[in-house]
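The structure appears below as structure tokens.
Here, each number is a calculation from the coordinates, and none is a lab measurement. All values reported here derive from a predicted model rather than from experimental measurement. Methodologically, a virtual Cβ is constructed for each residue, glycine included, from the backbone with ideal geometry; neighbour enumeration extends over all protein chains shown.
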Amino acid sequence: MKKYIPGLLLLLVISIIAIFIAGFLPEYVGSVFIAILIGILINNTVNLNKAIFGPGISLGLKKILKIAIVLLGGTISLQKLATVGVRGLFVILVIIGLAFILTFILGRILNISLKKKILIAAGLSICGNTAIVTTAPLIEAEDRDIFTAVSIVTLFGVLAVFVYPFMGMAAGISDTVFGAWAGTAINDTSQVVAAGFIFSEEAGRIAAMIKLARNVLMAPVILIVGYFYGKRQKEKKGKINILEIFPAFILGFLFLIILNSLGIITENMEPVFDQTSQFLILLALAGIGLEVKFKDLKKVGVKPFIVGFSVAISMAAVSILISGTIF
């Protein structure tokens, strides 16, 4: 157990610093992105002793992240889907499908790896960084794949917070339409809420409601991704094990969703699950930066960003067209 302490303490310190810095920045920037950047800075300026810090960092990336994902299930309930109605659910499903289809088409054209395509699509279509880190262990994503997807989602989301309200006001669209647009086309929850309330209080409430329903769909989307990716990988070996396709942490995640949907997890308990899971995610992702070298970032190139931004712009265009028609 002692061998894990130095690495875990380093992750804890980075997380606390990231939270502190994030307190001086707009909420939509996010402490996760800051923690990853701090980790990268440390890894490229300080000669870390991997024998000392490595075990704890690895524990954060492999074990703590999975615990965070399980706890995240305690914040999701099927009842939240009912709050947006049929029209809202229709727009959400169209946008999720569009994001995956376009990401895979453009990714194939630009020769982007399968893991990057899955993470980019998950992050853009569902709930930003949370969807990325939940999907990553399922597909055994590499650290630089996660960093790339998180960077794309964060950068686009920050731009959207400023650009979308301005475009909405210039176009003279209603609060309802803007709320539906922001709730379906922007990625991270804090970014959605920020853009919505910049436009108007009513738009902010609608955007938040639609975004929460969109977050619920993370469960079925991840199940589908896990099934097809796991089946594809195991078929290569000629053997399929259901626990390899759906690992224990995903089953735990689904179990807590069921408990929450049945009302066993009360509304008072949800914030505890939410805050604990978000902090553990931050702790784990601080380790991503500690595994990334600048030379690795050069290998990433601009292609994933071209794919991500093209998909995000397409999502925005389709979302506003549908939202403006049916709301």
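Adding -39500 (n - 2.57) for every DSSP H run of four residues or longer, then dividing by how many residues the chain holds, sets the calculated 222 nm ellipticity at -24500 deg cm²/dmol. Can you give the angle from 0 to 90° between the axis of helix 303-326 and the longest principal axis of the chain, with both taken from C-alpha atoms, to the nearest 10? So the inclination is approximately 30 degrees. Separation of the stretch 298-327 from the stretch 94-170 is 9 Å, based on Cα centroids.
Under the simplified labelling scheme, the T266-K293 pair shows an inter-label distance of 5.3 nm, with each label point 7 Å from Cα along Cα→Cβ.
With N counted as the residues of the stretch 91-232, its alpha-carbon radius of gyration over 2.2 N^0.38 Å works out to 1.05.
Annotation: average projected area of the stretch 43-131 is 8.7 square nanometres, based on the convex hull of Cα atoms across all directions. In order along the stretch 82-95, the phi-based Karplus estimate (6.51 cos²θ - 1.76 cosθ + 1.60, θ = phi - 60°) of 3J(HN,Hα) comes to 5, 6, 9, x, 5, 5, x, 5, 4, 4, 4, 5, 4, 5 Hz; Gly and Pro are listed as x. Computed over neighbours whose Cβ is under 11 Å from that of T103, the net charge equals +3, Lys and Arg +1, Asp and Glu -1. Running a GNM on the chain with Cα contacts under 10 Å, which residue among D274, D188, D145 ends up with the highest mean-square fluctuation? Of D274, D188, D145, the Gaussian network model singles out D274 as fluctuating most.
Output the 0 to 90 degree angle, nearest 10, between the alpha-carbon long axis of helix 189-199 and the longest principal axis computed from the alpha carbons of the chain. Helix 189-199 sits at roughly 30 degrees to that axis.
Counting neighbouring Cβ atoms within 10 Å and putting the fewest first, the residues Y164, Y227 line up as Y227, Y164. Can you give the angle from 0 to 90° between the axis of helix 218-236 and the longest principal axis of the chain, with both taken from C-alpha atoms, to the nearest 10? With rounding to tens, the tilt is 50 degrees.
Relative to the current alpha-carbon distance between I52 and I17, full extension at 0.36 nm per residue lengthens the span by 10.5 nm. Counting every other Cβ atom within 10 Å of each residue's Cβ, V225, V153, V216 order from fewest to most as V225, V216, V153.
Relative contact order, percent, of the chain when contacts are C-alpha pairs under 8 Å separated by at least 6 residues?
34
Packing-based ranking of 43-49, 309-315, 76-82 yields 309-315, 76-82, 43-49, ordered from highest to lowest mean Cβ neighbour count within 10 Å. Scalar couplings 3J(HN,Hα) for the stretch 6-14, obtained by applying the Karplus form with A = 6.51, B = -1.76, C = 1.60 to θ = phi - 60°, are x, x, 5, 5, 5, 4, 5, 4, 4 Hz; x denotes Gly and Pro.
Here the Debye sum runs over all C-alpha atoms of the chain as equal scatterers in vacuum, and log10 of I(q)/I(0) at q = 0.08, 0.13, 0.14, 0.15 Å⁻¹ comes out as -0.35, -0.97, -1.13, -1.30. Remark: the stretch 1-159 projects, on average over all directions, an area of 11.5 nm² (convex hull of Cα atoms). What the phi angles of the stretch 112-128 give under the Karplus curve with 6.51, -1.76 and 1.60, with θ = phi - 60°, is a coupling list of 8, 4, 4, 4, 5, 4, 5, 5, 5, 5, 5, x, 6, 8, 10, 9, x Hz, glycine and proline written as x. Between I258 and L41, the distance separating the two model label sites (each 7 Å from Cα on the Cα→Cβ line) works out to 4.5 nm. The ranking of E27, E267, E291 from fewest to most other beta carbons within 10 Å of each one's beta carbon is E267, E27, E291.
For the pairs K2/K115; K115/K295; K80/K303; K2/K295; K62/K293; K116/K211, flag any whose C-alpha to C-alpha distance is greater than 30 Å. Walk me through the numbers on the way to the answer.
Numbers: K2/K115 34 Å; K115/K295 20 Å; K80/K303 36 Å; K2/K295 32 Å; K62/K293 19 Å; K116/K211 24 Å.
From K2/K115; K115/K295; K80/K303; K2/K295; K62/K293; K116/K211, over 30 Å: K2/K115; K80/K303; K2/K295.
Distance between the 7 Å Cα→Cβ label points at I101 and E201: 4.0 nm.
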